[in-house]
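The values are calculated or read from the model by the stated rules, or taken from the named source; none is laboratory data. As the structure is a prediction and not an experimental result, all values here were calculated from the model. Ideal geometry is used to build each Cβ from the backbone, glycine not excepted, and the neighbour counts take in all protein chains shown. Quick note on the areas: whole protein, heavy atoms, side chains included, nothing else; ligands and nucleic acids left out. Shrake-Rupley method; radii C 1.70, N 1.55, O 1.52, S 1.80 Å.
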Amino acid sequence: MPADPPAGTFDRPHGRIIAALDVPSAEQALALAGRLAGHVGLVKVGLELFVAEGPSVVAALRRRHPDLGIFLDLKLHDIPNTMGAAVRAARRLGAAFLTVHAAAGVAHLRACVEAADGAVGILAVTVLTSQDARALAEAGATRTVEELVAMRAECAARAGCAGIVCSGRELAAVRRAAPGLATVVPGIRPAGAGADDQVRVMTPGRAVRAGADYLVVGRPIRTAPDPAAAADAIAAEIAAAAP
Ligand code: C5P
């Protein structure tokens with residue numbers, strides 16, 4: 001594992017769960033993190049929360065829950081100079097991981113990795129799990145989802161990224177294209193759960209058997225009557241599936 005935040009996180013089944021704090025306020029984020037501490041390894045601060053509350057929410061989460069790693073899901077996509085400058089600013093926040101779009105290309109990814117200087121793991125988002133072949137075609141892509149994910153994973157590896165974000169369905173292609181990269185898989189749905197707006201979904205057990213290192217889980221945990229119990233059930237699936 002190129003990045004293992006905080007130390008030892010990856011070695012425990014629940015440590016491989018990244019819970020998405022997709023809520024609009026710091027108060028709600030801290031409350032949800034409080035319920036999940038000890039049941040997940042990392043919490044994800046995404047666009048909604050970061051735009052609403054700014055970097056102070058990351059500082060508050062780290063102060064209150066030092067054992068939870070922070071996954072900063074800003075999905076940066078701009079010119080290399082701007083992406084690098086944003087990474088340098090984010091480096092001070094103490095996040096374990098920061099996401100950028102792999103579609104930007106190798107030079108852009110390399111600028112991010114250089115700016116991170118090892119202080120935060122750069123994860124390249126390959127193809128969003130909400131996109132299917134039709135959505136990609138509408139956006140001008142002429143490759144299949146799997147081909148595009150593999151190409152972008154290769155770019156991420158060449159740029160020195162810590163890992164990539166992809167759906168469970170492309171893990172085999174990623175492993176072939178870029179074997180050393182950490183894999184982070186959103187679009188996780190326990191058996192019987194609805195897909196919501198996700199398209200390329202997979203159960204936790206299947207994703208881990210297919211080679212996922214970390215699982216990003218939002219609504220199946222956040223909207224559960226007992227989020228900690230939902231996380232524990234996913235951790236049990238990971239433990240049963242882990243090699
Ligand atoms: O609620 P759900 O489990 O669908 O949440 C998934 C989370 O993972 C969301 O916060 C979404 O922004 C994020 N994500 C994703 N697909 C990617 C990258 C991140 O769904 N490729």
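For the range 186-203, state whether one or more residues are within 28 Å of residue 35 (Cα to Cα) and not in a loop (DSSP other than H, G, I, E, B). Yes.
Residue count for the range 182-203 satisfying the condition of being in contact (Cβ under 8 Å) with a residue 60 or more places away in the chain and either at positive phi or open to solvent by less than 10 Å² (accessible area, probe 1.4 Å) (or both): 2.
Given the residues 100, 87, which is the only one that is within 13 Å of the ligand (Cβ to nearest atom), at pLDDT 95 or above and more than 17 Å from residue 187 (Cβ to Cβ)?
It is 100.
Only one of the listed residues (122, 18) is of a type in the set (Val, Ile, Thr), within 16 Å of the ligand (Cβ to nearest atom) and more than 27 Å from residue 224 (Cα to Cα). That residue is 122. If you go through the range 229-243 and keep only what is surrounded by 16 or more Cβ atoms within 10 Å (Cβ to Cβ) and touching a Gly at 6+ places or on another chain (Cβ under 8 Å), you end up with 237, 238, 241.
Return yes when residue 164 is in a helix (DSSP H, G or I) and in contact (Cβ under 8 Å) with a residue 60 or more places away in the chain and no when it is not.
Judged against the criteria, residue 164 is not a match.
When the range 36-69 is limited to residues that are in a helix (DSSP H, G or I) and away from the ligand (no atom under 16 Å from the Cβ), the one that is most open to solvent (accessible area, probe 1.4 Å) turns out to be 63.
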